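Trainee: I have a structure I would like to understand better, so I am pasting it below and will then ask my questions one at a time.
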Amino acid sequence: APREKKATYASWVPVSTFLSFAFAAGFTFMLSLLLGGTVMDDWGWRIPFLLSVPLGLCGFYMRFRLDETPLFDEIEDEDVASTPLGETLREHGRTILLFSGFIAATALSFYIFTTYMSTFLQVVGGLDSTSALLSTFVCQILAACLCPFAGRISDRIGRKKTTMTACILLLAGTFPAFALGSTGSMALGIIGQLLLGSGAVLTGVVTAVLMSELFPTRVRYTASAVTYNLAYTIFGGTAPFIATWLITATGNNLSPAIYLLAISIMALVTASRLPETSKRSLDF
């Protein structure tokens, strides 16, 4: 990617992610229509899981065939870290912690937007599963379309302003998103999901490019993997479970919104301490 367009190029990573989730929601929506609710609840829900097996094998084949990046090839013979994890934690531990704080908001907003809101629309809003899946499908298609524009904005205003704006969008849109989702109206539910999705899109796009810009080539993959997976394991994978548990424990349907707000505040603080990297070359 040209140095001044790195976020625009990187934005296609979340595009593929949102389209994948949209495909999953759309496929499940069509399956629900074809089989009906009773059959879907009885055994139809197994079909998407079974189809994931050949898809996983395709993904493994594609990953196995990928080439290394040109920058890594250049240093592979003489400059690759002998103990990449140890060197990464020793020399870049502070950056990993700060970046993990921001990715926590990326992970939480992404999984609430793509996964949990469909459940929230049904359990709290009272929508049937077909309507909730359709709402989620529409919103994720729109989110995928927004990603390249978010990348262009980030290239124009810089990473620090992008991360701060993303956190502010989450802080401003989270409560209205959950409030609209609880009304039982699919139209208002879509608006609510899009309010939440605007922050999720911007955090996802800037995260995709920051993983390359923040770390030098010799430890770039290790540092990115540790940072990304640490945050996604703790805050992303657990998001639907914690959101459901919070409602059960507190009796407050908006308690997941409070959780997301708290994480967004943490992300805002940690993002403010990250360096500006938009003009940085990746050849370091």
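The values are calculated or read from the model by the stated rules, or taken from the named source; none is laboratory data. Small disclaimer: the values here were computed from a predicted structure and weren't measured. Heads up, the Cβs are rebuilt from the backbone with ideal geometry, glycines too, and the neighbour counts pull from every protein chain shown. Quick note on the areas: whole protein, heavy atoms, side chains included, nothing else; ligands and nucleic acids left out. Shrake-Rupley method; radii C 1.70, N 1.55, O 1.52, S 1.80 Å.
Trainee: Run a plain Debye calculation on the stretch 1-67 (Cα atoms as equal point scatterers, no solvent) and give log10 I(q)/I(0) at q = 0.29 Å⁻¹, rounded to two decimals, same order as the q list.
Mentor: -1.17
Trainee: Give me the percent relative contact order of the stretch 172-284, please, defined on Cα pairs under 8 angstrom at least 6 residues apart.
Mentor: Details: 68 pairs, mean separation 32.8, N = 113.
It rounds to 29 percent for the stretch 172-284.
Trainee: Keeping all protein chains in position, work out how much accessible area Ile141 exposes to a 1.4 Å probe, and write it in Å² to the nearest 10.
Mentor: Only protein atoms counted, so the area is about 60 Å².
Trainee: What whole number of Å gives the distance from the Cα centroid of the stretch 129-154 to the Cα centroid of the stretch 185-203?
Mentor: 8 Å
Trainee: Across bins of 10 angstrom width beginning at 0, how are the C-alpha pair distances of the chain distributed, in whole percent?
Mentor: 7, 26, 33, 22, 9, 2, 0
Trainee: Using a 1.4 Å probe on the protein chains only, how many percent of the accessible area of the stretch 178-226 belongs to carbon and sulfur? Working shown, then result.
Mentor: Values: 1010 of 1380 Å².
Answer for the stretch 178-226: carbon and sulfur cover 73 percent of the accessible area.
Trainee: Let me know the charge dipole size of the chain about its Cα centre in debye, to the nearest 20, where only the beta-carbon of Lys, Arg (+1) and Asp, Glu (-1) is charged. Present the calculation step by step, with values, prior to reporting the outcome.
Mentor: Values: 18 positive and 18 negative charges, 156 e Å.
About 760 debye.
Trainee: Debye calculation, C-alpha points only, no solvent: report log10 I(q)/I(0) for the stretch 152-259 at q = 0.11, 0.12, 0.21 Å⁻¹, in the same order as the q values.
Mentor: -0.45, -0.53, -1.17
Trainee: For the stretch 140-187, what does the alpha-carbon gyration tensor say about shape, rounded, prolate or oblate, given a ≥ b ≥ c as the root eigenvalues, a/c under 1.5 as rounded, and a/b over b/c as prolate?
Mentor: Details: a/c = 5.42, a/b = 1.73, b/c = 3.14.
Taking the square roots of the gyration eigenvalues as a ≥ b ≥ c, the stretch 140-187 is oblate.
Trainee: Percent of Cα-Cα pairs per 10 Å bin, from 0 to the last occupied bin, for the stretch 37-145, please list those.
Mentor: 10, 20, 30, 22, 13, 4, 0
Trainee: Right, another one. When the solvent-accessible surface of protein heavy atoms is calculated with a 1.4 angstrom probe, in what order do Ser52, Ser264 fall, highest first?
Mentor: Values: Ser52 60, Ser264 0 Å².
Listed by decreasing accessible area, they come as Ser52, Ser264.
Trainee: On average, how much accessible surface per residue is there in the stretch 211-284, in Å², for a 1.4 Å probe, leaving out ligands, DNA and RNA? Provide the component values of the computation, followed by the final result.
Mentor: Numbers: 3550 Å² over 74 residues.
Roughly 48 Å² per residue, with all protein chains present.
Trainee: Two decimals is fine: what is log10 I(q)/I(0) at q = 0.24 Å⁻¹ for the stretch 89-169, from a Debye sum with one equal scatterer on every Cα and no solvent?
Mentor: Here log10 of I(q) over I(0) equals -1.14.
Trainee: Same structure again: Per the 1.4 Å probe, what fraction of the accessible area of the stretch 39-176, in percent, lies on carbon and sulfur atoms? Let's see the in-between values first.
Mentor: Details: 5070 of 7690 Å².
The nonpolar share, carbon plus sulfur, comes to 66 percent.
Trainee: Leaving out ligands and nucleic acids, note down the accessible area per residue over the stretch 1-152 with a 1.4 angstrom probe, in whole Å².
Mentor: That works out to 58 Å² for each residue.
Trainee: Length gain on complete extension for the stretch Trp43 to Leu89, per 0.36 nm per residue less the alpha carbon to alpha carbon distance?
Mentor: Values: separation 46, 0.36 × 46 = 16.56 nm, distance 4.63 nm.
Here the answer is 11.9 nm.
Trainee: Can you find, among Met30, Ala177, Thr277, the residue sitting farthest towards the positive end of the charge dipole of the chain, where Lys and Arg contribute +1 and Asp and Glu -1 at Cβ?
Mentor: So the residue furthest toward the plus end is Ala177.
Trainee: With a cut-off of 18 Å, note down the residues of the stretch 199-230 whose backbone N falls inside the zone around a label point 7 Å from the Cα of Glu74 toward its beta carbon.
Mentor: 212-221
Trainee: Roughly how tilted is helix 159-181, in degrees to the nearest 10 and between 0 and 90, from the longest Cα axis of the chain?
Mentor: So the inclination is approximately 10 degrees.
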